[in-house]
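Trainee: The following block contains the structure, expressed as structure tokens.
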Amino acid sequence: MTRVAVVGTGVMGRNHVRVLRELGEVDLVGVADANPDAAFQVAAMYGTRGYGSHQELIEREQPEALIVAAPTINHHAVVMDAIAAGCHVLVEKPIAATLDEADELVARAKSAKRVLAVGHIERYNPAVLELKRRLDEGQLGRVFQLNARRLGPFPQRVRDVGVVVDLATHDLDVMRYLTGSEIVRVYAETRREVHTTREDLVTGLLRFADGSVGVLQINWLTPSKIRELAVTGERGMFRADYLTQDLFFHENAAAADNNWQQITMLRGVSEGSMVQYAIQKREPLRSELEAFLRAVSGEASGIVSGEDGRKALHLALALVESGTEGHVVTIGRS
């Protein structure tokens, strides 16, 4: 049994608590929140102990692993305290508020030999996992473009970051994961309509080192919730729906008669058949937490690492800079 605690009892924190309580290999030793009443309420609901500060929780319960679902501005302080106390940590995305803070967290976890995972939950969506498998097998041939649409109404819970850092980090991470290629430059147009201080709409363009192009359409201004990713390549287009966990393939009939493993030149594009794959659906958060617990136990797990989380934040901040300053941002190695 792994002793696990949760810091932050907002929407995501409560989801972590719920799933952890369902996992047989976990001893949920406590929850903490800056609002003690919220912590006590959640603790009573799930049969554990509540605390008004993460320091008190860590000191009294001495968890082996800590889930950090506090506001982004608090990530650095909570994670640093947890690592100093010997905890392994899963911190919700974004990893931190600034790149300097992210760098310090990654370095401190490495020196302390603690697991530092980042909660980029879309990596564990069954549709994304199946898409990754099929892309790695070469079923699409060369990838030309990835197009993400992540649209919906404004969430009242979000005040400390804009839509780029809160939502675009999902798609930036997924696109890096699917292509296995780094993003080398970005350009964005942003707007602020509802949020009091930050952008709530972004249209972004990404260029990958392998030549593929990414397109981001993300906002908090759409009445209906849409979470989709399309990947276009030589043999057609994959389309994943994050919400329903469905994956479709739209065939390029012009490439269907060729041996797709030997395609060297795309000779045309025409509409072909459409296939919907049978995918076993599963809650991504459960898969994420199971991967984290395997990593804590020293097993290979497929976590989203602190380094991955840092790269997603770097790219998101570059998009914010581009939208604010009105220029292309080249992504260096830093």
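Trainee: Going by the structure shown, is Gly152 within 30 Å of Leu201 (Cβ to Cβ) and small (Gly, Ala, Ser)?
Mentor: The answer is yes for Gly152.
Trainee: For the stretch 179-200, which positions are without any contact (Cβ under 8 Å) to a residue 60 or more places away in the chain and either buried (at least 23 other Cβ atoms within 10 Å of the Cβ) or hydroxyl-bearing (Ser, Thr, Tyr) (or both)? Write out each step before concluding.
Mentor: Residues of the stretch 179-200 that are without any contact (Cβ under 8 Å) to a residue 60 or more places away in the chain, as a first pass: 179-181, 191-198, 200.
Listed by number, the residues that qualify are Thr179, Ser181, Thr196, Thr197.
Trainee: I'd like the full set of residues that are out of contact with any helix residue (DSSP H, G or I) (no Cβ under 8 Å at 6 or more places or on another chain) and crowded, with 19+ Cβ neighbours inside 10 Å, limited to the stretch 16-47.
Mentor: Ala38, Ala39, Ala43
Trainee: Go through the residues of the stretch 108-118 one by one and say whether even a single one is crowded, with 22+ Cβ neighbours inside 10 Å and more than 27 Å from Tyr177 (Cα to Cα).
Mentor: No, the stretch 108-118 contains no residue that is crowded, with 22+ Cβ neighbours inside 10 Å and more than 27 Å from Tyr177 (Cα to Cα).
Trainee: Say we look at the stretch 22-46 and pick out the residues that are over 15 Å from Arg3 (Cβ atoms) and not in a helix (DSSP H, G or I); which of these is farthest from the chain's Cα centre (by Cα)?
Mentor: The qualifying residue farthest from the chain's Cα centre (by Cα) is Asn35.
Trainee: I've got another one for you. Which count do you get for residues in the stretch 294-319 that are touching a residue at least 24 places away in the same chain (Cβ under 8 Å), surrounded by fewer than 23 Cβ atoms within 10 Å (Cβ to Cβ) and assigned to a helix (DSSP H, G or I)?
Mentor: Residues in the stretch 294-319 being touching a residue at least 24 places away in the same chain (Cβ under 8 Å), surrounded by fewer than 23 Cβ atoms within 10 Å (Cβ to Cβ) and assigned to a helix (DSSP H, G or I): 8 in total.
Trainee: Which one of Val89, Val17 is out of contact with any Asp or Glu (no Cβ under 9 Å at 6 or more places or on another chain), farther than 20 Å from Val304 by Cβ and of a type in the set (A, V, I, L, M)? Before the answer, list the steps.
Mentor: Values: Val89 fails: farther than 20 Å from Val304 by Cβ.
Among Val89, Val17, only Val17 is out of contact with any Asp or Glu (no Cβ under 9 Å at 6 or more places or on another chain), farther than 20 Å from Val304 by Cβ and of a type in the set (A, V, I, L, M).
Trainee: Taking into account only those residues within the stretch 47-76 that are under 25 Å from Ala112 (Cβ atoms) and in a loop (DSSP other than H, G, I, E, B), which is modelled with the lowest pLDDT?
Mentor: From the stretch 47-76, those under 25 Å from Ala112 (Cβ atoms) are 51, 53-76; that's our starting set.
Checking which are in a loop (DSSP other than H, G, I, E, B) leaves us with 53, 62-64, 69-71.
Working: Ser53: 97, Gln62: 98, Pro63: 98, Glu64: 98, Ala69: 98, Ala70: 96, Pro71: 93.
Among residues in the stretch 47-76 that are under 25 Å from Ala112 (Cβ atoms) and in a loop (DSSP other than H, G, I, E, B), the one modelled with the lowest pLDDT is Pro71.
Trainee: Condition first: touching a Lys or Arg at 6+ places or on another chain (Cβ under 8 Å) and either assigned to a strand (DSSP E or B) or farther than 23 Å from Ile83 by Cβ (or both). Now tell me which residues in the stretch 7-18 satisfy that.
Mentor: Passing the criteria: only Val11.
Trainee: Of all residues in the stretch 244-259, how many are modelled with pLDDT under 60 and either under 19 Å from Ala230 (Cβ atoms) or among the polar types (S, T, N, Q) (or both)? Don't jump to the end; show me each part of the working.
Mentor: First, pick out the residues of the stretch 244-259 that are modelled with pLDDT under 60: 257-259.
Filter once more, keeping what is either under 19 Å from Ala230 (Cβ atoms) or among the polar types (S, T, N, Q) (or both): 258-259.
Counting residues in the stretch 244-259 that are modelled with pLDDT under 60 and either under 19 Å from Ala230 (Cβ atoms) or among the polar types (S, T, N, Q) (or both) gives 2.
Trainee: Of all residues in the stretch 29-44, how many are within 12 Å of Leu57 (Cβ to Cβ) and not acidic (Asp, Glu)? Quick ask: steps written out before the conclusion?
Mentor: Applying the first criterion (within 12 Å of Leu57 (Cβ to Cβ)) to the stretch 29-44 yields 29-34, 36, 39, 43.
Pick out the ones that are also not acidic (Asp, Glu) and you get 29-32, 34, 36, 39, 43.
Of the residues in that region, 8 qualify.
Trainee: Going by the conditions given, is Gln156 surrounded by fewer than 15 Cβ atoms within 10 Å (Cβ to Cβ) and farther than 20 Å from Ala318 by Cα?
Mentor: Working: surrounded by fewer than 15 Cβ atoms within 10 Å (Cβ to Cβ): yes; farther than 20 Å from Ala318 by Cα: yes.
Here the answer is yes, as Gln156 does meet what is asked.
Trainee: Give the residues of the stretch 89-115 that are under 21 Å from Leu167 (Cβ atoms) and of a type in the set (D, E, K, R), sorted by residue number.
Mentor: First pass over the stretch 89-115, keeping only residues under 21 Å from Leu167 (Cβ atoms): 90-99, 101-102.
Within the stretch 89-115, Glu92, Lys93, Glu101 meet the criteria.
Trainee: So, one more: From the set of residues in the stretch 180-207 that are of a type outside the set (A, V, I, L, M, F, W, C) and in contact with a Ser or Thr (Cβ under 6 Å, 6 or more places away or on another chain), which is farthest from Gly152 (Cα to Cα)? It would help to see each step written out before you state the result.
Mentor: From the stretch 180-207, those of a type outside the set (A, V, I, L, M, F, W, C) are 180-182, 185, 187, 189-193, 195-200, 203-204, 207; that's our starting set.
Narrowing further to those that are in contact with a Ser or Thr (Cβ under 6 Å, 6 or more places away or on another chain): 185, 187, 189, 199.
Values: Arg185: 26, Tyr187: 22, Glu189: 18, Glu199: 14 Å.
Step by step, filter the stretch 180-207, then rank; the result is Arg185.
The values are calculated or read from the model by the stated rules, or taken from the named source; none is laboratory data. Since the structure is predicted, the reported quantities are computational estimates derived from the model, not experimental observations. Positions of Cβ are backbone-derived with ideal geometry, glycine not excepted, and every protein chain shown enters the neighbour counts.
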